[in-house]
Amino acid sequence: MEGIQTLPLLLCFVGLLALAAIAVFAKVGSILIGAGRSDALPYQRRKALFSKAERSFLGCLEAALEGRLRVFGKVRIEDLISVRGVSGSRRASARGRIKSRHVDFALCCPDSLEVLAVIELDDASHKSPKSIEADRWKSAIFKSAGLPLLRFAAKRAYSLSEIEAALSESLGERLEARQVTSDVVSKIPDSIGRIEEFGRIFRPYQNEGSFVLSQAPSVELKSALKANGYRARKVDCDWVWSRN
């Protein structure tokens, strides 16, 4: 009689064990199947490194620099400055203000890659009280480190002269102006070879007399090119210049 009473309990226990085993096997199976899929991890590539506003500004910035400095984007602040002279909780607090933060652009000497200045492009997101306070701290931090921080308002179009003036005021002699004349254009190769003038590389394109500039042309160089009968057209990511 006692054996008959314990039979339902035994069957219930066995049933629970079976359900647990099925759940474990299902979990292991899903892991093994997921491991073979390309979408097993929740990541995807971004379409571009810069936003449209950042890319537009970068083009004007490179035109203003004319190859005199190198531009790096999305640079971690901890790769630019470090915390010195404090320890313990003060060091942790100071590092916490720059950890996981970045600047939009860093301007470096082309040879030594010494960082000469950094640039922040302020869009609408910088107008909130929290962002204003964060920007205030960021400006104070770079001032304390002795590294110039230039701020530009994000907009649809940028004034090349405005950018040049801000760079000149901040960098002074480190950004020595280079005069570009129509003499440069006469040195452009017609069909073969490549030369470097004023930090800018001219390389030939497919057709004879056509070439590509490695960077966006300055206002002076663009005027000189047009005066010598050259016109530009966009091919993929390059501006190809050809004679009419």
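With the Cα gyration tensor of the range 92-174 giving a ≥ b ≥ c as the square roots of its eigenvalues, does the rule (a/c under 1.5 for rounded; else a/b larger than b/c for prolate; else oblate) give rounded, prolate or oblate? Mind dumping the intermediate values first?
Values: a/c = 2.16, a/b = 1.17, b/c = 1.84.
It comes out oblate by the Cα gyration axes.
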inquiry  = At 1.4 Å probe size, with the rest of the protein present, what percent of the exposed accessible area of the range 108-157 is carbon and sulfur atoms?
reply    = 58 percent
key: Solvent-accessible area per residue, Å², over the range 39-81 with all protein chains present [probe radius 1.4 Å]   = 69 Å²
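Take peptides 51-58, 66-73, 121-128 and line them up by average Cβ neighbours within 10 Å, highest first, as a rough protection proxy.
Working: 51-58: 16.0, 66-73: 17.5, 121-128: 13.1.
Top of the packing list down: 66-73, 51-58, 121-128.
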query = Between the DSSP loop rule and a limit of at most 14 other Cβ atoms within 10 Å, which GluC sites (Glu not before Pro) in the range 116-180 are left?
reply = Glu176
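The values are calculated or read from the model by the stated rules, or taken from the named source; none is laboratory data. Here the structure is a predicted model, which is why all the values come from computation and not from measurement. Reconstructed Cβ throughout: ideal geometry from the backbone, glycine too, with neighbour counts over all protein chains shown. The area values use the complete protein model at the heavy-atom level, side chains included, leaving out ligands, DNA and RNA. Shrake-Rupley method; radii C 1.70, N 1.55, O 1.52, S 1.80 Å.
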